[in-house]
1. Among the numbered criteria (1) buried (at least 21 other Cβ atoms within 10 Å of the Cβ); (2) over 14 Å from the mean Cα position of the chain (by Cα); (3) modelled with pLDDT under 95, which one does LEU104 miss?
2. Which residue out of ALA126, ALA88, ALA98 is closer than 12 Å to LEU74 by Cα, touching a residue at least 24 places away in the same chain (Cβ under 8 Å) and out of contact with any strand residue (DSSP E or B) (no Cβ under 7 Å at 6 or more places or on another chain)?
3. Within segment 181-194, is there a residue that is of a type in the set (A, V, I, L, M) and over 24 Å from ALA50 (Cα atoms)?
4. Return the only residue of GLY73, GLY151 being at pLDDT below 95 and crowded, with 20+ Cβ neighbours inside 10 Å.
5. ALA191 passes all but one of (1) within 30 Å of ALA62 (Cα to Cα); (2) aliphatic (A, V, I, L, M); (3) in contact (Cβ under 8 Å) with a residue 60 or more places away in the chain; (4) surrounded by fewer than 16 Cβ atoms within 10 Å (Cβ to Cβ); which number fails?
6. Of the numbered conditions (1) more than 16 Å from ASP70 (Cα to Cα); (2) not in a strand (DSSP E or B), VAL159 fails exactly one; give the number of that condition.
7. Condition first: free of Cβ contacts under 8 Å to residues at least 60 places away in the same chain, within 15 Å of VAL122 (Cβ to Cβ) and not in a helix (DSSP H, G or I). Now tell me which residues in segment 12-40 satisfy that.
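The values are calculated or read from the model by the stated rules, or taken from the named source; none is laboratory data. Source: prediction; values computed, not measured. Cβ: placed from backbone, ideal geometry, glycine included. Neighbour counts: every protein chain shown.
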Amino acid sequence: MPKQLLAATSNRHKLVELRAILKPCRIGCLGPDDVGGIPDVEETGTTFEANAIRKATAVAAATGYTVFADDSGLEVLALGGEPGVYSARYAGADASDAERCQLLLERLATHTDRRARFVCVVAVAAPDGLIGTADGEVRGTIAEAPRGTSGFGYDPVFVPDGFDGTFAELSAGEKDRISHRGNALKTAVAAGLFDIQ
């Protein structure tokens, strides 16, 4: 039977992605609905690592499960690393993915350097505290306009290095194989962070 860890996320798109990435590692991924819900943890940290740790430790303490949480975002070189840790709130707390992408493209309109990277930090915590963290990234460029219908977030405007299509134009399997989240989770598994009893 696969190991079962609780993912500290209410983002259903992310949960599908997490389960697909972890399945080959024989690690089961519970979601909030499987455990009667999880507390909403405010992301007040100034780094991806701080936010991931905050979420993982708070949800583990509240639920009694071994929990993993990730914080991730897009960093655009010409914009000084924006949107960074504010990726999900870049165009306001209630903005849609399309509105966030549009704001990013508007702010990048006068720049010729379109290099960017997605960054992810995964934190794993038991009810009595932090087990450890792992990180991953994928580098690429920002497209001139959104393309594709798969994925979520900034996927329609991010073209990973070595590919012609955006994340939203790649298959889910292709994206998971090279993504920042996939890289961080594979590093966490290799480091033994998911070795629960």
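1. Tallying (1) buried (at least 21 other Cβ atoms within 10 Å of the Cβ); (2) over 14 Å from the mean Cα position of the chain (by Cα); (3) modelled with pLDDT under 95, LEU104 fails exactly one: (3).
2. The conditions single out ALA88.
3. No, every residue in segment 181-194 fails to be of a type in the set (A, V, I, L, M) and over 24 Å from ALA50 (Cα atoms).
4. Answer to the selection: GLY151.
5. ALA191 satisfies all of (1) within 30 Å of ALA62 (Cα to Cα); (2) aliphatic (A, V, I, L, M); (3) in contact (Cβ under 8 Å) with a residue 60 or more places away in the chain; (4) surrounded by fewer than 16 Cβ atoms within 10 Å (Cβ to Cβ) except (3).
6. Condition not satisfied by VAL159: (2).
7. Correct list: CYS29 only.
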